[in-house]
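The structure appears below as structure tokens.
The values are calculated or read from the model by the stated rules, or taken from the named source; none is laboratory data. In this text, all values refer to a predicted model and were calculated from it rather than measured experimentally. When we count neighbours, we look across all protein chains shown, and the Cβ atoms used for this are built from the backbone with ideal geometry, even at glycine.
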Amino acid sequence: MSQSLGKASIVPEKPVYILNSASVVGTKEGQGPLGLLFDMVGEDDMFGCATWEEAESTLQNKAVGLALEKAGVEKEDVSFLFAGDLLGQSIATSFGISTYQIPLLGVYGACSTCGESLLLGAMSVAGGFADRVLCVTSSHFASAEKEFRFPLEYGNQRPLSATWTVTGSAAFVLGGEEAVQKTKKNGRGGPRARITGMTAGKIVDYGLKDSMNMGACMAPAAASTLEQHFIDFGSQPDFYDKIITGDLGKVGQRVLIDLMKEKGYDILGRHMDCGIEIYDGESQDTHAGGSGCGCSAVTLSAYILRQLEERNWKKVLFLPTGALLSKTSFNEGKSVPGIAHCIVAESL
């Protein structure tokens, strides 16, 4: 039986479960609406390190360790690790998780990396290539500012369309039926959710060049993947309790809702954005909301999966979005293309 569906989607023939997960965040995230739900909140955003980049590596290291512990899984039992971040050559990943010595498949989808890693990890489990895999990603406000914009010491002003890069990392342990039984034997209980579908996105470029308005740059990619998902699965927005984007923020959310309405889909009553949920927009001064690889990842681990576990939601469409730019491309006058990947997560 083929596991592919339509043009860009996959329905796993074998069950794929999120066995457990962990989230580690910085101080600002800990002060936000989801602060009490995270597994670990740093006392400061340096996490005891000498540089911002080392701090981000520490985020990943701790997230992986906590996820393995919560799942009752030894690192030797993990077949592959799918991981990535926003920094050049994914250095937060390479320096952060090298001590685990798990075969690494590095991924880069900008802020959509959580969705991409979960999609690839689920494919590996569903295809019988792995019993357990780890998916992890991270971002850090200060390292991202240095990588893509200006060092913090510059004190540059941010327009209201800008989003605030989340300091955070989340790791997810995926497995099949056999892995679930082993986890239960270890006294760790059942899995948090099941992945029942996936849709891979394509690069979408509307020619926008404003790196301080990435929500608008990424929204067309979210609309493209969402439309393709509806076509491939023959579904409608009301098939899901929530349609959750990663980090479009307030500006990108409005653009996405308008684009989907033009395509004949009304998602207004179903849509939620992790970048809007993670911060208190009135008191935390994050302008359009949150962004970064860690934004959707920590929100999925700490909040979304909890809602599925408690059966407040039964089925959600999780759709992280990414802006595919670099300092080089921006300085050379290139536009900011976007990409988005989605998974369907269901309660058990």
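One table, with the values for the structure above:
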| quantity | calculated |
| --- | --- |
| Some residue of the range 150-162 being of a type in the set (Ser, Thr, Tyr) and either surrounded by fewer than 15 Cβ atoms within 10 Å (Cβ to Cβ) or assigned by TED's automatic domain parsing to the domain that holds LYS314 (or both) | yes |
| Qualifying helices (runs of 4 or more DSSP H) (wholly inside the range 198-294; at least 3 residues being under 15 Å from the mean Cα position of the chain (by Cα), more than 21 Å from SER9 (Cβ to Cβ) and not assigned by TED's automatic domain parsing to the domain that holds ALA92) | 274-277 |
| Selected residue [modelled with pLDDT of 95 or more, touching a strand residue (DSSP E or B) at 6+ places or on another chain (Cβ under 8 Å) and not hydrophobic (A, V, I, L, M, F, W, C)] from ASP247, ASP266, ASP241 | ASP241 |
| Looking only at the range 178-189, and only at residues there that are surrounded by fewer than 14 Cβ atoms within 10 Å (Cβ to Cβ) and modelled with pLDDT of 85 or more, the one that is farthest from LEU118 (Cα to Cα) | GLN181 |
| Matching residues in the range 243-257 - criterion: being out of contact with any Cys (no Cβ under 6 Å at 6 or more places or on another chain) and buried (at least 17 other Cβ atoms within 10 Å of the Cβ) | ILE243, ILE244, THR245, LEU248, GLY249, LYS250, VAL251, GLY252, GLN253, VAL255, LEU256, ILE257 |
| Leading residue by the ranking (surrounded by the fewest Cβ atoms within 10 Å (Cβ to Cβ)) among those in the range 12-63 that are within 20 Å of the chain's Cα centre (by Cα) and among the β-branched types (Val, Ile, Thr) | THR27 |
| Condition met for SER112 (at pLDDT below 95 and either over 29 Å from LYS202 (Cα atoms) or among the hydroxyl-bearing types (Ser, Thr, Tyr) (or both)) | no |
| Candidate set from the range 295-325 (those that are of a type in the set (D, E, K, R) and not in a loop (DSSP other than H, G, I, E, B)); member that is farthest from ASP39 (Cα to Cα) | LYS315 |
| Output for the range 64-101, where each listed residue is surrounded by fewer than 24 Cβ atoms within 10 Å (Cβ to Cβ), within 17 Å of the chain's Cα centre (by Cα) and more than 19 Å from GLY322 (Cβ to Cβ) | LEU81 |
| Out of MET218, MET198, MET212, MET260, sole residue that is modelled with pLDDT under 95 and on the phi < 0 side of the Ramachandran plot | MET212 |
| Where ALA130 falls short, out of the listed (1) of a type in the set (A, V, I, L, M); (2) in a helix (DSSP H, G or I); (3) touching a helix residue (DSSP H, G or I) at 6+ places or on another chain (Cβ under 9 Å) | (2) |
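Residues checked against (1) surrounded by fewer than 22 Cβ atoms within 10 Å (Cβ to Cβ); (2) under 21 Å from ASP232 (Cα atoms); (3) of a type in the set (Ser, Thr, Tyr); (4) in contact with a Ser or Thr (Cβ under 6 Å, 6 or more places away or on another chain):
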{"position": "LEU259", "(1), (2), (3), (4)": "yes, yes, no, no"}
{"position": "GLU262", "(1), (2), (3), (4)": "yes, yes, no, no"}
{"position": "GLY275", "(1), (2), (3), (4)": "no, no, no, yes"}
{"position": "ASP280", "(1), (2), (3), (4)": "yes, no, no, no"}
{"position": "HIS287", "(1), (2), (3), (4)": "yes, no, no, no"}
{"position": "TRP313", "(1), (2), (3), (4)": "yes, no, no, no"}
{"position": "GLU332", "(1), (2), (3), (4)": "yes, no, no, no"}
{"position": "ALA345", "(1), (2), (3), (4)": "no, yes, no, no"}
